[in-house]
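J.: Here's a structure for you.
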Amino acid sequence: MRTSESVEKVMAAYGQTYAAEAGITLRDTPQPLYRLLVLTVLLSARIRTDAAVGAARALADAGLRDPRRMAAATWQERVDALGRGGYRRYDESTATQVGKGAELATERYGGDLRRLHEAAGADLPALREALREFPGIGPTGTDIFLREVQQVWPDIAPFFDNRALQGAAKAGLPDRPDALSRAAGDAEPAVLAAALVRLTLAK
């Protein structure tokens with residue numbers, strides 16, 4: 001199978017970002033970026049992806065779409081919203097993490113993560129360092145956030161983390177970022193990266 005056909009096959013089967021699955025229309029504006037940050041925290045725990053996505057939707061449905069509202073909500077309100085989304089195993093600890101993260105986003109960035117981007121630019125180590133200051137986000141979380149946010153922060157694209165590269169190898173695609181980027185053609189890097197990660201999770 002030709003490389004272009006392999007890319008098309010993966011995109012057809014798995015081509016959706018996790019932000020899109022969570023109902024986030026990603027833009028380089030404060031609210032979608034914050035909702036992606038919360039989704040990143042949820043996806044970082046050892047829990048099913050559908051539970052994390054469902055919890056992100058439930059938090060949004062509860063009106064907790066920006067750091068001010070998230071910080072103003074009670075811990076129990078956050079726990080209840082996470083539970084409604086099916087996020088029960090880590091609901092209590094995660095409710096604390098997103099509350100503290102909301103306070104950090106407000107105090108340091110005025111609730112606008114574009115300021116984080118402006119401060120770090122396209123420097124991936126600096127972006128990772130800034131993201132890891134948010135409770136619940138570690139190395140896996142920084143990969144998740146950067147993989148998704150490249151859709152609206154093109155200066156960091158193409159970004160393919162190790163999990164995406166594992167998916168590339170599984171699909172018979174180049175497993176080095178530069179070669180994979182060339183093979184991707186017109187495929188949007190964020191969508192292809194998400195598709196390759198989904199491929200690694202497919203049974």
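Every read-out reported here was derived from the displayed coordinates using simple, explicitly stated rules and does not represent laboratory data. Fair warning: this is a prediction, and the values are worked out from it, not measured in the lab. So basically every Cβ, Gly included, is an ideal-geometry build from the backbone, and we count neighbours across all protein chains shown.
J.: Run down the lysines and flag those whose C-alpha is under 28 Å from the C-alpha of Lys170, throwing out any fewer than 8 positions away in its chain.
T.: Filter leaves Lys9, Lys203.
J.: What FRET efficiency would be calculated for the residue pair Arg114, Thr74, taking the C-beta separation as r and a Förster radius of 35 Å, to the nearest 0.05?
T.: Efficiency for this residue pair is about 0.80.
J.: Taking the Cα centre of the chain as origin, work out the dipole magnitude from +1 charges on Lys and Arg Cβ and -1 charges on Asp and Glu Cβ, in debye rounded to 20.
T.: The calculated dipole for the chain is roughly 540 debye.
J.: Can you work out the Karplus-derived ³J(HN,Hα) for every residue in the stretch 126-136? Use 6.51 cos²θ - 1.76 cosθ + 1.60 with θ = phi - 60°, whole Hz, and x for glycine or proline.
T.: Rounded to whole hertz, the list is 5, 5, 4, 4, 5, 5, 6, 6, 7, x, x.
J.: Please give me the summed charge of the neighbours of Asp175: other residues whose Cβ is under 15 Å from its Cβ, Lys and Arg +1, Asp and Glu -1.
T.: For residues surrounding Asp175, the net value is +2.
J.: In nanometres, what is the gap between the two model label sites at Asn162 and Asp61, each 7 Å from Cα along Cα-to-Cβ?
T.: 3.6
J.: Work out Dmax and Rg for the stretch 26-180 from the C-alpha atoms and quote the Rg first, both in angstrom.
T.: Every Cα atom of the stretch 26-180 included, Rg and Dmax give 15.6, 48 Å.
J.: Assuming a ≥ b ≥ c are the square roots of the Cα gyration tensor eigenvalues, decide whether the stretch 2-117 counts as rounded (a/c under 1.5), prolate (otherwise, with a/b larger than b/c) or oblate.
T.: Oblate, because a/c is 1.5 or more while a/b does not exceed b/c.
J.: Relative contact order for the stretch 62-200: what percent, with Cα pairs under 8 Å and sequence separation of 6 or more? Let's see the in-between values first.
T.: On the way: 144 pairs, mean separation 23.3, N = 139.
Reported relative contact order: 17 percent.
J.: Okay, moving on. Tally Lys and Arg at +1 and Asp and Glu at -1 over the other residues with C-beta under 10 Å from the C-beta of Gln151: what net charge comes out?
T.: Details: positive: Arg27, Arg147; negative: Asp28, Glu148, Glu188.
The answer is -1.
J.: Follow-up question, since we're still on this one. Can you give me the distance in nm between label points at Ser6 and Leu104, each placed 7 Å from the Cα along the Cα-to-Cβ direction?
T.: According to this spin-label approximation, the distance is 3.8 nm.
J.: Okay, moving on. Taking the Cα centre of the stretch 1-74 as origin, sum charge times position over the Cβ atoms of Lys and Arg (+1) and Asp and Glu (-1), and report the length of that vector in debye to the nearest 20.
T.: 200
J.: Shifting gears a bit: Please compute the net charge surrounding Glu21, taking Lys and Arg as +1 and Asp and Glu as -1 over other residues with Cβ under 14 Å from its Cβ.
T.: That works out to +3.
J.: Over its Cα atoms, what ratio of radius of gyration to 2.2 N^0.38 Å does the stretch 138-197 give?
T.: 1.00
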